[in-house]
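Notes for the one structure printed next.
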Amino acid sequence: MGVVVTASSRGIGFNVAKELLKRNARVVISSSGGENLRRAREELSHLGEVYAVRADLKGREDLENLVKEAWGLLGGIDALVWNAPNVSCEPCHLHDAGYNDWLEASLLHTVAPGYLTTLLVRRWLEKRMGGRLIYLNSVSIKEPMPPLVLADTSRAGLVQLAKSVSRAYGKYGIRAYSVLLGSFDTPGARENLRALAEGRGEPFEEVWEREVLSRTPLHRTGRWEELGSLIAFLLSDEAEYMLGSTVVVDGAMTRGVFL
């Protein structure tokens with residue numbers, strides 16, 4: 001299976017790509033940072049067939065080129081695992097957000113995944129082939145976290161996108177899922193929490209304990225093999241009847257029963 005994983009030079013995207021390679025997928029990773037992308041590809045290369053395509057997710061031409069290049073490298077794209085970087089100003093409260101911050105959030109969490117989906121669905125329909133889309137999202141769209149208001153507001157639509165794609169194109173073998181993630185130990189998560197800690201004048205370790213570890217009865221972050229196994233299942237034929245579903249993987253950190 002040929003899979004494109006966006007924003008995958010580090011953090012969640014990188015580790016998802018790593019887990020998929022372990023499970024014999026062929027993977028294209030992408031990032032806006034060329035040097036980070038090169039290092040990530042080198043680090044992953046021993047695990048299997050992996051390629052790298054530089055792409056700024058906020059740019060139309062880069063999105064179009066990502067699909068074109070990845071299609072050629074993989075001989076066709078079977079699946080997209082959508083992941084996005086943080087909005088530049090995050091953690092950013094509503095009263096601190098400017099117009100450009102809202103524009104960036106919308107480009108990263110609404111326009112980019114929507115347009116990539118359009119490009120892929122068009123190709124899959126033209127080629128008369130099925131496809132799979134997994135949108136990595138956050139449980140904070142269920143229980144909002146004020147410092148992430150820009151991202152949470154704009155990425156909430158990914159749930160609608162997954163359902164809409166599945167209802168409209170499921171009969172053609174095209175299906176989509178939204179995965180709401182809890183806490184995973186990534187550089188981006190630590191950077192956000194460190195900024196919050198500094199803003200509050202609190203030690204980072206105390207904020208990490210309160211905002212991350214103590215929120216789940218397991219008192220830990222998610223493990224990459226857990227996320228990798230879930231994604232591999234959703235990409236498999238066994239998950240076909242789950243098309244359009246929203247899957248929560250958060251260690252029971254959210255208290256709500258329904259979305």
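The values are calculated or read from the model by the stated rules, or taken from the named source; none is laboratory data. The shown structure was predicted, so the numbers you read here are calculated from the model rather than taken from an experiment. All Cβ positions, glycine included, derive from the backbone under ideal geometry; neighbour counts span all protein chains shown. Accessible surface is based on the protein model in full, side chains and every heavy atom, while ligands, DNA and RNA are left aside. Shrake-Rupley method; radii C 1.70, N 1.55, O 1.52, S 1.80 Å.
Tabulated data
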read-out	value
Of residues in the range 201-217 being in contact with a helix residue (DSSP H, G or I) (Cβ under 9 Å, 6 or more places away or on another chain) and open to solvent by less than 50 Å² (accessible area, probe 1.4 Å), the one nearest to Pro147 (Cα to Cα)	Glu211
Among residues of the range 234-254, those that are open to solvent by 40 Å² or more (accessible area, probe 1.4 Å), in a helix (DSSP H, G or I) and either within 17 Å of Ile12 (Cβ to Cβ) or at pLDDT below 95 (or both), counted	0
Matching residues in the range 75-106 - criterion: being of a type outside the set (Ser, Thr, Tyr) and open to solvent by 50 Å² or more (accessible area, probe 1.4 Å)	Gly75, Pro85, Asn86, His93, Leu94, His95, Asp96, Asn100, Trp102, Leu103
In the range 133-146, residue nearest to Pro91 (Cα to Cα) [restricted to those that are part of a helix (DSSP H, G or I) and under 16 Å from the mean Cα position of the chain (by Cα)]	Ser140
Cβ pairs under 7 Å, 6+ apart, first in the range 239-259 and at positive phi, second open to solvent by less than 60 Å² (accessible area, probe 1.4 Å) and not aromatic (Phe, Trp, Tyr)	Gly244/Ala162; Gly244/Ser166; Gly244/Ala176; Gly251/Gly182; Gly251/Thr216; Gly251/Gly222; Ala252/Thr216
Filtered residues of the range 62-110 (kept if closer than 20 Å to Ser140 by Cβ and among the aliphatic types (A, V, I, L, M))	Val81, Ala84, Val87, Leu94, Ala97, Ala105, Leu107, Leu108
Given (1) touching a Cys at 6+ places or on another chain (Cβ under 9 Å); (2) without any contact (Cβ under 8 Å) to a residue 40 or more places away in the chain, number of the condition Ala156 does not satisfy	(1)
The listed residue being open to solvent by 40 Å² or more (accessible area, probe 1.4 Å), part of a helix (DSSP H, G or I), at pLDDT 95 or above and farther than 22 Å from Leu180 by Cβ, out of Glu64, Glu35	Glu64
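Residues checked against (1) surrounded by 13 or more Cβ atoms within 10 Å (Cβ to Cβ); (2) of a type in the set (A, V, I, L, M); (3) not in a helix (DSSP H, G or I):
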site	(1), (2), (3)
Leu148	yes, yes, no
Gly199	no, no, no
His219	no, no, yes
Ala232	yes, yes, no
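Quick grid of which residues meet (1) open to solvent by less than 60 Å² (accessible area, probe 1.4 Å); (2) farther than 21 Å from Glu19 by Cα; (3) in contact (Cβ under 8 Å) with a residue 60 or more places away in the chain:
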residue: Arg39; (1), (2), (3): no, no, no
residue: Leu47; (1), (2), (3): yes, no, no
residue: Tyr51; (1), (2), (3): yes, no, no
residue: Gly59; (1), (2), (3): yes, yes, no
